[in-house]
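Asks: Below is one structure. I have some questions about it.
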Amino acid sequence: MTATFVRRGDLIRLQLRPQEVDLLVRLAGELRTALEEPGPDDPVAARLFPPAVLGDPDADREVRDLLADALLADRLAGLESVLELVARGRRSKGRLVVDLEEDEPLLVLGVLNDIRLAIGARIDIEAIDRDRVAEHDPVAYPIAVMDHLGWWQEQLLAILDGQDRSA
């Protein structure tokens with residue numbers, strides 16, 4: 001299997017198959033909707049915006065009132081930036097190729113993390129015994145997607161930590 005992220009000199013190259021592009025764009029759009037239009041007791045909002053002050057609801061509310069808009073704006077801007085990265089990509093050998101520059105690898109890493117956290121919150125991943133999930137279980141696909149995104153994160157982290165040897 002071809003690596004999704006590879007080092008190319010000073011750049012990190014993102015290489016996605018067409019179905020991976022579709023998946024990333026769809027998941028980013030779903031997360032944007034969840035962030036812009038959270039329902040009551042939405043597990044995604046609860047997971048991505050955990051309490052800032054534990055044990056003191058009044059202090060937590062004060063901190064949230066001060067920071068909530070900025071945190072939401074940062075997450076939405078990150079999603080938009082990743083979609084812009086995908087849009088600027090070029091086609092090469094059946095893949096979308098994007099050379100990530102400067103802080104873009106960290107941006108992608110953060111968005112992948114947010115998407116994985118959102119998926120996990122939706123399926124209540126912490127309550128699932130993964131060893132007991134059958135192939136046709138409704139949570140099997142979301143778990144597989146989380147694992148795939150996690151594999152991407154591992155590749156990117158290895159490169160950022162200097163452990164990648166593909167140049």
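A short reminder: the numbers here are calculations on the coordinates, not readings from a lab. No experiment lies behind these values; they were computed from the predicted model shown. Neighbour counts are summed over all protein chains in view; Cβ atoms, including those assigned to glycine, are modelled from backbone coordinates with ideal geometry.
Asks: When volume of the Cα convex hull per residue in Å³ is calculated directly from the model, which label among [x] 180; [y] 125; [z] 152 fits?
Replies: [z]
Asks: Here's something else I'd like to know. Add -39500 (n - 2.57) for each DSSP H run of 4 or more in the chain, then divide by its residues: what number comes out at 222 nm, to the nearest 500 deg cm²/dmol? Present the calculation step by step, with values, prior to reporting the outcome.
Replies: Values: 5 runs with 98 residues, N = 167.
After summing the helix terms and dividing by residue count, I get -20000 deg cm²/dmol.
Asks: Moving to a separate point now. Between beta-carbons, use under 10 Å as the cut-off and find the net charge around THR2, counting Lys and Arg +1, Asp and Glu -1.
Replies: Working: positive: ARG17, LYS93, ARG95; negative: none.
Charge balance in the 10 Å sphere: +3.
Asks: While we're here: Between ALA45, ALA127, ALA118, where does the largest GNM mean-square fluctuation fall for the chain, given springs only between Cα atoms within less than 10 Å?
Replies: Looking only at ALA45, ALA127, ALA118, the biggest GNM fluctuation is shown by ALA127.
Asks: Just to confirm the filter: which GluC sites (Glu not before Pro) across region 98-152 are DSSP coil and have at most 14 other Cβ within 10 angstrom of their Cβ?
Replies: Values: sites: GLU101, GLU102, GLU126, GLU135; in loops: GLU101, GLU102, GLU135.
Answer in residue order: GLU101, GLU102, GLU135.
Asks: With +1 on each Lys and Arg Cβ and -1 on each Asp and Glu Cβ, and nothing else charged, work out how big the dipole of region 1-125 is about its Cα centre, in Debye to the nearest 20.
Replies: On the way: 17 positive and 24 negative charges, 238 e Å.
Around 1140 debye, computed over region 1-125.
Asks: Name the residue farthest towards the positive end of the dipole of the chain from the options PRO105, ALA77, THR2, assuming +1 on Cβ of Lys and Arg, -1 on Cβ of Asp and Glu, about the Cα centre.
Replies: THR2
Asks: Would you mind getting me the FRET efficiency between LEU160 and ARG88? Use the beta-carbon distance for r and R0 = 22 Å, nearest 0.05.
Replies: Values: r = 21 Å, r/R0 = 0.95.
Approximately 0.55, to the nearest 0.05.
Asks: Still on this structure, I have one more. Could you point to the residue in GLN19, ALA68, ALA87 farthest towards the positive end of region 1-123's charge dipole, with +1 and -1 charges on the Cβ of Lys/Arg and Asp/Glu respectively?
Replies: GLN19
Asks: Counting other Cβ atoms within 10 Å of each Cβ, which trypsin sites (Lys or Arg not before Pro) in region 72-145 have at most 13 and sit in a DSSP loop?
Replies: Details: sites: ARG75, ARG88, ARG90, ARG91, LYS93, ARG95, ARG116, ARG122, ARG130, ARG132; in loops: LYS93.
Counting only loop positions with at most 13 other Cβ atoms within 10 Å, the trypsin sites (Lys or Arg not before Pro) in region 72-145 are LYS93.
Asks: Within region 73-104, find all residues whose amide N lies under 18 Å from a label point positioned 7 Å from the Cα of VAL6 along Cα-to-beta-carbon.
Replies: 89-101
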